[in-house]
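All remarks here apply to the structure that follows.
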Amino acid sequence: MKVTIFGSGYVGLVTGACLADVGNDVVCVDIDQDKIDMLNNGEVPIFEPGLEQLVQRNAEAGRLTFTTDIGRGVSHGLFQFIAVGTPPDEDGSADLQYVLAVARSIGEHMDDYKVIVDKSTVPVGTADRVREQVRQALAGRGLEALEYDVVSNPEFLKEGDAIDDFMKPDRIVVGTDNPRTTELLRALYAPFNRSHDRLIAMDIRSAELTKYAANAMLATKISFMNELANIAERVGADIEQVRIGIGSDPRIGYHFIYPGIGYGGSCFPKDVQALERSAREHGYEARILAAVEAVNYSQKEVLFEKIRAHYDGDLQGRTIALWGLSFKPNTDDMREAPSRVLMEALWQAGARVRAYDPEAMDETHRIYGERPDLVLCESPEQALDGADALTVATEWKVFRSPDFDRIRSALTEPVIFDGRNLYDPRFLHSRGFVHYAIGRPG
Ligand SMILES: NC(=O)c1ccc[n+]([C@@H]2O[C@H](COP(=O)([O-])OP(=O)(O)OC[C@H]3O[C@@H](n4cnc5c(N)ncnc54)[C@H](O)[C@@H]3O)[C@@H](O)[C@H]2O)c1
């Protein structure tokens, strides 16, 4: 089948590459010329495990092409996927300018029936606005009679596991008001839907809300555990014991109840905010969502507060080694990453940072550039050299079982601020470390 994808970011590129890999003819359109040039040179601008090989294989086979030519994109696909960003507007609501711009472009160029598939995460009612943009653009060309459908098909992939999630989805949500489009989407997704039917067809508004509901539920679990961690710390309990104690209840489960230094990334923060703003616009105060956000905001400062308290409020001239910069492991994405809040607070307090991340070094350099209080290191060990303490902000596998003797001898003082509860406090204490974790006895 012929597919066009607007937006070659995490979602668009993975969607395009996976659809091409099962034999579809896919054109990816982006307005970022540098990104398209890189992709046409066989380079993938983001780090996502397995993506580079998938893109290269399908590009070489001629099933996956990249262009900035919108007209070519629109005329190519029966399916026109919209997978562009929906960043937060100034008031926290989803900024739909990119989604609506694509809708307009489709209306300005289409000459035959199209299925317009909204894959971006968008507030309820966006499909109506997409439909209206297309209608207006067609009317401007005197083509009011041209048929098209608009479908909501939210994406649930996780960065770091994106290809597996797309290839073996838990569910494929399709929101339509026309059974014909459900069947077209069912056919497109059939290769990913073989073992049992995972396509859930529903009305468009429910599909749009389903995506926000999923992210808001996951964010709530994280903030809930972080709140409990803060309570555990104050009452002398160990949140890791509590986690295992509650996770054993199948109604709760072990997934997504790890305490830490807050959630980040391009989705949870903006989606919780956007849902809360959208509820408010409809006259409803979403109090749980507001609390989830507020807890997350302050949780990102918890590790810095521990560092500051350890040094009696004086961080001037201190050097802190920081392991982990991406908002979670297996990605180079630093959008809303807790490491950024931590680094910025350290700099503000007069400390220097020696940082290492397995994938996010270029992204960190892109964001912060050269500055005297940031040294980007080539290995976890190099980050320790001459540092006063080690902090861990992302639970990359490579940080899980380090050489503690080496850490102790490299640091001026054996102190670890463990923002992801990676290390066993008793073991570290027995090795002479001062160990601060989240919601655990000190
Ligand atoms: N990143 C995730 O893990 C994830 C998961 C599920 C859903 N989503 C949602 O998917 C959407 C895309 O997210 P992302 O992380 O892939 O974004 P991204 O920022 O990585 O990529 C968006 C791309 O769209 C391009 N773009 C902007 N306007 C365009 C236009 N008019 N035509 C063509 N391309 C255009 C940008 O240049 C950019 O390359 C968002 O709504 C996001 O909330 C993201």
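The values are calculated or read from the model by the stated rules, or taken from the named source; none is laboratory data. As the structure is a computational prediction, the values presented were derived from the model and not from experiment. Using ideal geometry, Cβ is built from the backbone for each residue, glycine included, and neighbour counts are taken over all protein chains shown.
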Over region 125-148, the set of residues surrounded by fewer than 18 Cβ atoms within 10 Å (Cβ to Cβ) and either touching a Ser or Thr at 6+ places or on another chain (Cβ under 8 Å) or of a type in the set (S, T, N, Q) (or both) is Q136
The condition from (1) loosely packed, with under 13 Cβ neighbours inside 10 Å; (2) without any contact (Cβ under 8 Å) to a residue 60 or more places away in the chain that A187 misses is numbered (2)
By residue number, the members of region 156-184 that are out of contact with any strand residue (DSSP E or B) (no Cβ under 6 Å at 6 or more places or on another chain) and among the hydroxyl-bearing types (S, T, Y) are none
Practice item. Please work out if I257 is of a type in the set (V, I, T), surrounded by 18 or more Cβ atoms within 10 Å (Cβ to Cβ) and either touching a Gly at 6+ places or on another chain (Cβ under 7 Å) or in a loop (DSSP other than H, G, I, E, B) (or both). Key: yes
Any residue that is at pLDDT below 95 and surrounded by fewer than 18 Cβ atoms within 10 Å (Cβ to Cβ) - is there at least one of those in region 197-216? yes
Filtering region 128-158 for residues that are touching a residue at least 12 places away in the same chain (Cβ under 8 Å) and on the phi > 0 side of the Ramachandran plot leaves a count of 0
Practice problem: Could you tell me whether T210 is more than 16 Å from the ligand (Cβ to nearest atom) and closer than 27 Å to R129 by Cα? | Solution: no
Scanning region 279-301 residue by residue, those more than 30 Å from L325 (Cβ to Cβ) and of a type in the set (G, A, S) turn out to be A279, G283, A286
Of (1) surrounded by fewer than 19 Cβ atoms within 10 Å (Cβ to Cβ); (2) small (G, A, S); (3) free of Cβ contacts under 8 Å to residues at least 60 places away in the same chain, G50 fails just (3)
Kindly indicate whether D197 is in a helix (DSSP H, G or I) and acidic (D, E).
-> no
- Item | Residue in region 135-144 that is in contact with a Phe, Trp or Tyr (Cβ under 7 Å, 6 or more places away or on another chain) and at pLDDT 95 or above present | no
Inset, instruction - Could you tell me whether T391 is within 23 Å of G160 (Cα to Cα) and β-branched (V, I, T)? - result: yes
So, first residue more than 20 Å from F47 (Cβ to Cβ) in region 262-278, second residue more than 10 Å from the ligand (Cβ to nearest atom) and among the basic types (K, R), Cβ within less than 6 Å, six or more apart or across chains; the pairs are G262/K300
Note to self: Suppose the filter is within 13 Å of the ligand (Cβ to nearest atom), under 25 Å from L325 (Cα atoms) and of a type outside the set (F, W, Y); does S223 pass it?
What the structure shows: no
In region 1-35, anything assigned to a helix (DSSP H, G or I) and either closer than 18 Å to C267 by Cβ or without any contact (Cβ under 8 Å) to a residue 12 or more places away in the chain (or both) is listed as Y10, V11, G12, L13, V14, T15, D34
In the set D69, D91, D111, the lone residue that is closer than 25 Å to E293 by Cβ and acidic (D, E) is D91
Filtering region 112-129 down to residues that are within 18 Å of L185 (Cα to Cα) and touching a strand residue (DSSP E or B) at 6+ places or on another chain (Cβ under 6 Å) yields K114, V115, I116, V117, D118, K119, S120, A127
Does F47 satisfy the criteria of being in contact with an Asp or Glu (Cβ under 6 Å, 6 or more places away or on another chain), of a type outside the set (D, E) and not in a helix (DSSP H, G or I)? yes
Filter region 231-245 for residues that are surrounded by fewer than 15 Cβ atoms within 10 Å (Cβ to Cβ) and hydrophobic (A, V, I, L, M, F, W, C); the one that is nearest to L218 (Cα to Cα) is I244
